Amino acid sequence: MFRIGVLTGGGDCPGLNAVIQGIVIRAAQHGYEVLGIEDGYKGLLYGKARKLTPKDVEDIYWLGGTILGTSRKNPAKSEEELKTVIENIKKLGLDVLITIGGDDTLGAAKKLYERGIPIVGVPKTIDNDLSLTDYSVGFWTAIETIADALHKLHTTARSHKRVMIAEIMGRYAGWLTLIGGLAGGAHIILIPERPVDIDEVCRIIKERRERGEPYTLIAVAEGVTIPTVGELVAVSKEKDEFGHVRLGGVSKILEEEIKKRTGEEVRSAVLGHIQRGGTPSAYDKVLGLRLGFKAVDLVKEKKYGYVVVVNGMNILPAKIEEVVGTVRKVPDELHELTNVFTGLYTAPKQ
Ligand code: F6P
């Protein structure tokens with residue numbers, strides 16, 4: 001029987017199980033068997049996999065996380081490991097591998113494809129920074145979570161007349177912070193695509209106080225660079241197998257700077273992994289199922305080396321090398337939206 005292997009790699013997010021359910025159902029409709037690889041590429045390195053039938057995946061589409069487990073294992077870290085992974089793909093009898101992941105996972109899938117493994121990719125990342133896809137699985141659920149958190153920070157900021165800072169994930173792109181900040185009504189939104197001007201931030205805070213709005217909510221991306229620091233702020237400088245440090249801590253630095261310059265009471269909160277948890281939104285459930293279906297349809301067409309991407313209302317195939325390798329940044333035309341809730345509706349005095 002034709003056998004599809006499926007794995008989820010990199011950071012987990014809500015909507016992964018919907019993709020898995022979509023794949024397994026569609027595969028059964030086409031008469032294919034599915035083998036679920038455990039813990040991302042780690043499972044391929046150690047040959048850990050289990051059969052997935054439609055019964056096994058019944059109603060998992062609304063569960064957060066991934067039933068297969070995940071890891072940040074890079075299968076192409078060494079030539080030796082890459083060889084073992086390719087050998088295990090053969091030993092497991094996989095005719096094709098569907099990899100669900102972000103830039104790291106799909107980038108590694110591209111390397112396997114270049115070594116002759118038939119690959120289909122599915123885009124997943126709350127960071128929403130993959131090229132050629134409007135959205136990736138997990139993004140809109142994370143936005144809901146961020147908006148909810150910001151609303152909660154809003155009420156406490158207002159009661160205490162404080163400046164409240166929320167630090168938001170997204171690595172080197174500002175999608176989560178911009179769209180989440182808008183959905184949650186942040187007065188100031190700071191994203192990696194633009195330099196941070198702390199004087200301007202303090203000016204807005206002061207002007208809001210003078211106008212009778214003595215509180216300010218700031219959404220800051222974990223990947224912004226504060227001029228006084230001059231580099232990305234990381235929890236740990238230790239790099240993972242794909243070469244990323246763990247970002248985190250920029251909100252604390254911003255808190256100190258604003259306190260020092262304005263004398264305001266400032267608090268900061270790192271939203272952290274809560275942004276990747278919980279039940280998928282309706283959008284991510286439906287998107288996950290659709291992407292899963294389409295991925296198997298590409299398998300049927302033997303269209304390998306492609307990723308299924310969101311293009312408006314459609315799910316289309318895009319070449320894997322055009323989806324990975326560059327961080328898709330927030331375009332300039334969206335940046336103006338960072339000013340929607342500053343509360344300063346008249347032009348500043350010249
Ligand atoms: O790529 C998704 C992401 O959540 C980033 O926004 C964040 O910087 C990173 O993963 C955190 O990774 P980990 O789960 O390994 O701490």
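Every read-out reported here was derived from the displayed coordinates using simple, explicitly stated rules and does not represent laboratory data. Predicted model, so just to flag it, every value in this text is computed and none were measured. Cβ: placed from backbone, ideal geometry, glycine included. Neighbour counts: every protein chain shown.
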Kindly list the residues of segment 213-228 that lie in the label zone of Lys161, defined by a backbone N under 17 Å from the point 7 Å along the Cα-to-C-beta vector. 213-217
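Answer rounded, prolate or oblate for segment 1-43, using the Cα gyration tensor with square roots of eigenvalues a ≥ b ≥ c: rounded when a/c is under 1.5, else prolate when a/b is larger than b/c, else oblate. Provide the component values of the computation, followed by the final result.
Values: a/c = 4.38, a/b = 1.50, b/c = 2.92.
Note, shape of segment 1-43 comes out oblate.
What ranking do His187, His335, His273 get, fewest neighbouring Cβ atoms within 10 angstrom at the top?
His273, His335, His187
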From the square roots a ≥ b ≥ c of the eigenvalues of the alpha-carbon gyration tensor of the chain, which class results: rounded (a/c under 1.5), prolate (a/b over b/c), or oblate? prolate
About the Cα centre, charge dipole magnitude for segment 234-289 (Lys/Arg +1, Asp/Glu -1 at Cβ), debye: 20
Taking 0.36 nm per intervening residue step and subtracting the Cα-Cα distance, what contour gain separates Leu344 from Val245 on full extension? 31.9 nm
Label-to-label distance, nm, for residues given as Phe2 and Glu321 (7 Å Cα→Cβ offset): 2.6
Determine which lysines satisfy two conditions relative to Lys300: a Cα distance under 16 Å, and not lying fewer than 8 residues away in the same chain. none
For Asp59, put the label point 7 Å out on the Cα→Cβ axis and report which residues of segment 1-41 keep their amide N under 17 Å from it. 17-18, 21-22
Would you mind telling me the antiparallel percentage of the DSSP bridges in the chain, rounded to 5? 30
Need one word for segment 141-277: rounded, prolate or oblate. Basis is the Cα gyration tensor (sqrt eigenvalues a ≥ b ≥ c); a/c below 1.5 gives rounded, then a/b vs b/c decides. oblate
Too long for a 23 Å Cα-Cα cut-off, among Lys51/Lys91; Lys42/Lys329; Lys90/Lys124, are Lys42/Lys329; Lys90/Lys124
Under unit Cβ charges (Lys, Arg +1; Asp, Glu -1), what dipole magnitude, rounded to 20 debye, does the chain have relative to its Cα centre? 440
Which order results if Cys202, Cys13 are arranged by neighbouring Cβ count within 10 Å, fewest first? Cys202, Cys13
Each label sits 7 Å from Cα toward the beta-carbon; between Ile86 and Lys302 the label points are separated, in nm, by 2.1
State the Cα centre-to-centre distance between segment 22-99 and segment 207-256 in whole Å. 36
Most exposed to least, judged by fewest other Cβ atoms within 10 Å, Leu44, Leu298 sort to Leu298, Leu44
